[in-house]
Amino acid sequence: MLTTHNLTKRYGGRTAVDGLTMELPRGVVAGFIGPNGAGKTTTMAMLLGLVRPTAGEGTVLGRSLSHPERYVSRVGALLEGPALWPSLTGHENLQVLARLGGHDPRRVPEVLRLVGLADRGGDRFGTYSLGMKQRLGIAAALLGEPELLILDEPTNGLDPAGMSDMRDLISRLAAEDRSVLVSSHLLGELEQVCDWLLIIEQGRLAYAGPAGEFATRSGAELVLFPAE
Ligand code: ATP
């Protein structure tokens, strides 16, 4: 699904991502876990072709990171805080985004159903809870029927009910044969739904592999990132 080799991003003297080498199998839900400032967003932005790496290379869906235009149409993304139109309904927001993105607007009811918002599509986005906003952002990412979804901290700021809805949604998305890379600064939020883990600290990979092996091999480290 994706590989990176020595992927590095420096901003002036600050190294945001420091030589990430990893390989992610297809069809997994991969949790990208690390504390604030660890380099998760920067890595995701490099995978999406939004930020150019300082060094290193990689592939997404078999295509080189140096040519994001060759794969981005097969990738859906939710970056922090979806910026949608508050005065439009959920349905209308998706209609606009489908047209802007060159996707079939007839898919809107289907993606609303997928994210559990079928009965709220007629309500204005501005009235949605944070969890519903995040789920509408994911619906927007699904309009192009992506093979890979990249979700940056979709559980951030959610209450326990919103968190649980988000976990259910991530599991449903994966069951439909999509690969998902989802970040969080707390392992506990996502570990139930992840079958692969990438743990990042200060731009470096601290663990990469099956979630089950992480739990058994390093039980003591499960509290690496306590709640802030
Ligand atoms: P968070 O959970 O807070 O979003 P993160 O793991 O996503 O954290 P990044 O946002 O990737 O981490 O940031 C990694 C480091 O790179 C941080 O020290 C951050 O301050 C720095 N950084 C990120 N973007 C820039 C930028 N455009 N210019 C300068 N420094 C940056």
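The values are calculated or read from the model by the stated rules, or taken from the named source; none is laboratory data. Given the structure is predicted, the values throughout are model-derived calculations rather than measurements. Every residue, glycine as well, gets a Cβ built from its backbone with ideal geometry; the counts of neighbours run over all protein chains shown.
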| said: Restricting to region 103-144, give me the number of residues that are out of contact with any His (no Cβ under 8 Å at 6 or more places or on another chain), not in a helix (DSSP H, G or I) and not small (Gly, Ala, Ser). | reply: 7
| remark: The residue that is farthest from residue 108 (Cα to Cα), considering only those in region 122-170 that are surrounded by fewer than 14 Cβ atoms within 10 Å (Cβ to Cβ) and touching a residue at least 40 places away in the same chain (Cβ under 8 Å), is 168
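When you scan region 20-51, how many residues do you find that are β-branched (Val, Ile, Thr) and within 15 Å of the ligand (Cβ to nearest atom)?
At the first step, the residues of region 20-51 found to be β-branched (Val, Ile, Thr) are 21, 28-29, 33, 41-43, 51.
From the residues that got through so far, the ones that are within 15 Å of the ligand (Cβ to nearest atom) too are 33, 41-43, 51.
Of the residues in region 20-51, 5 are β-branched (Val, Ile, Thr) and within 15 Å of the ligand (Cβ to nearest atom).
Just need a number here: residues in region 30-62 that are aliphatic (A, V, I, L, M), in a strand (DSSP E or B) and buried (at least 22 other Cβ atoms within 10 Å of the Cβ). Walk me through it before giving the result.
We begin by selecting, within region 30-62, every residue aliphatic (A, V, I, L, M); these are 30, 33, 38, 44-48, 50-51, 55, 60-61.
Retained after the next criterion (residues that are in a strand (DSSP E or B)): 30, 33, 55, 60.
Imposing the further condition that a residue be buried (at least 22 other Cβ atoms within 10 Å of the Cβ) reduces the set to 30, 33, 60.
Qualifying residue count, region 30-62: 3.
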| task | Working only within region 19-29, note down all residues that are more than 15 Å from the chain's Cα centre (by Cα) and buried (at least 18 other Cβ atoms within 10 Å of the Cβ). | result | 20, 22
| request: Would you check if residue 87 is free of Cβ contacts under 8 Å to residues at least 12 places away in the same chain, more than 18 Å from the chain's Cα centre (by Cα) and outside any helix (DSSP H, G or I)? | output: no
| message | Here is a list: 43, 15. Which entry is among the β-branched types (Val, Ile, Thr) and farther than 24 Å from residue 173 by Cβ? | response | 15
| said: Please determine whether any residue of region 51-66 is free of Cβ contacts under 8 Å to residues at least 60 places away in the same chain and among the acidic types (Asp, Glu). | reply: yes
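For region 146-218, give me every one of the helices (runs of 4 or more DSSP H) that falls completely inside it and has 3 or more residues that are within 15 Å of the chain's Cα centre (by Cα). Can you show your working first?
Working: elements: 160-175, 187-190, 211-217.
Filter on region 146-218 gives 160-175, 187-190.
Looking at region 1-17 only, could you name the residues that are assigned to a strand (DSSP E or B), within 10 Å of the ligand (Cβ to nearest atom) and either farther than 17 Å from residue 45 by Cβ or out of contact with any helix residue (DSSP H, G or I) (no Cβ under 6 Å at 6 or more places or on another chain) (or both)?
Just the residues of region 1-17 that are assigned to a strand (DSSP E or B), to begin with: 2-11, 14-17.
From what is left, the residues that are within 10 Å of the ligand (Cβ to nearest atom) are 9-11, 14-17.
Residues satisfying the conditions are 10, 11, 14, 15.
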| request: Using the structure shown, decide if residue 127 is over 24 Å from residue 174 (Cα atoms) and β-branched (Val, Ile, Thr). | output: yes
| field | Cβ pairs under 8 Å, 6+ apart, first in region 4-16 and closer than 16 Å to residue 37 by Cβ, second at pLDDT below 95 and exposed (fewer than 13 other Cβ atoms within 10 Å of the Cβ) | value | none
| task | Report yes if some residue within region 37-45 is under 26 Å from residue 134 (Cα atoms), among the β-branched types (Val, Ile, Thr) and without any contact (Cβ under 8 Å) to a residue 24 or more places away in the chain; otherwise report no. | result | no
| query | Yes or no: residue 111 buried (at least 20 other Cβ atoms within 10 Å of the Cβ), free of Cβ contacts under 8 Å to residues at least 40 places away in the same chain and away from the ligand (no atom under 14 Å from the Cβ)? | reply | yes
| request: Could you grab me the full set of residues in region 192-203 that are crowded, with 17+ Cβ neighbours inside 10 Å and either more than 11 Å from the ligand (Cβ to nearest atom) or among the β-branched types (Val, Ile, Thr) (or both)? | output: 193, 194, 196, 197, 198, 199, 200
